[in-house]
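Every number in this text was worked out from the coordinates using simple rules, so none of it is lab data. Model, not experiment: these values are computed from the prediction. Cβ placement follows ideal geometry from the backbone for every residue including glycine, while neighbour counts extend to all protein chains displayed.
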Amino acid sequence: MHIWTERERRKKMRNMFSNLHALLPHLSPKADKSTIVDEAVKHIQTLEKTLQKLQKQKLDRLQEGPNPIDLGHQDTSREAFMADQVLSGNDAAAKDLIIKSNHVTVAQPRLQFQTWTSSNVVLNICGKEAQISVCSPKKPGLFTSVCCILEKHYLEVISAHVSSQSNRSIFMIQAHVGSSGAYNHQASEVDEIFKQAAAEIMFCLTS
């Protein structure tokens, strides 16, 4: 039993020295145990010094803080000038704004609300979307008729809010131009689509 235990201990020691030797690749494959231990101690001491040096550098950087930003520097490039014109509200310069990226020129459209009102219908257009507000005396099937008019003009309903009181109904509908429409979807054509739909809704209210 004692002999077997001693063999296991020696086997374990050989494996440990072999693993330690593998962590020191600069050593000769034939290095003895004392050399392995000595080189391992030196290597650990070197790593400790490197760690202390890195920690000191990190602490110095934290104490220095971030580099101050030079607020007095002004970018005089064309892109910066045009951006300043847009932010300052200079519409004349904004119309000529061209953003260049990877040699591709893209004009940036300025989206604005356009509003048309009548006694019973309010139309707010922004790009290819619009909000249509309808206020009318109660009329059976009115909301269905409004939806049919929108569908006729290829306008898809995104959301709708319906409220009803004792003698009137209020509809607030958000819609956009559908992809299946027979229009080219230019800005002027989109406006006309919504205007025609609003006009038909007004006619439906009075008929």
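In table form, for the structure just shown:
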read-out: Straight-distance crosslink candidates among lysines, where the alpha carbon sits under 25 Å from K42 and sequence neighbours closer than 8 are dropped; value: K12, K30, K33, K53, K56, K58
read-out: FRET efficiency for Q165 and Q112, using Cβ-Cβ distance with R0 set to 35 Å, rounded to 0.05; value: 0.55
read-out: Karplus-derived HN-Hα couplings along the stretch 145-161 (A = 6.51, B = -1.76, C = 1.60, θ = phi - 60°), whole Hz, x at Gly and Pro; value: 5, 4, 5, 5, 5, 5, 5, 4, 9, 6, 9, 8, 7, 8, 8, 8, 10
read-out: Per-peptide average of other Cβ atoms within 10 Å, ordering 33-44, 3-14 highest first; value: 33-44, 3-14
read-out: Three-way shape call for the stretch 114-206 based on the alpha-carbon gyration tensor, with the a/c threshold at 1.5; value: prolate
read-out: Label zone at H26 (point 7 Å along Cα-to-Cβ), backbone N below 12 Å, the stretch 42-57; value: 42-47
read-out: D_trans [Stokes-Einstein, Kirkwood Rh over alpha-carbon pairs] for the stretch 2-64, 37 °C, 0.692 mPa s, µm² s⁻¹; value: 229 µm²/s
read-out: Cross-link reach list, lysines versus K152, counting only Cα pairs under 26 Å and skipping chain neighbours closer than eight places; value: K128, K138, K139, K195
read-out: Length released on extending from Q63 to S133, taking residue separation times 0.36 nm less the Cα-Cα span; value: 19.2 nm
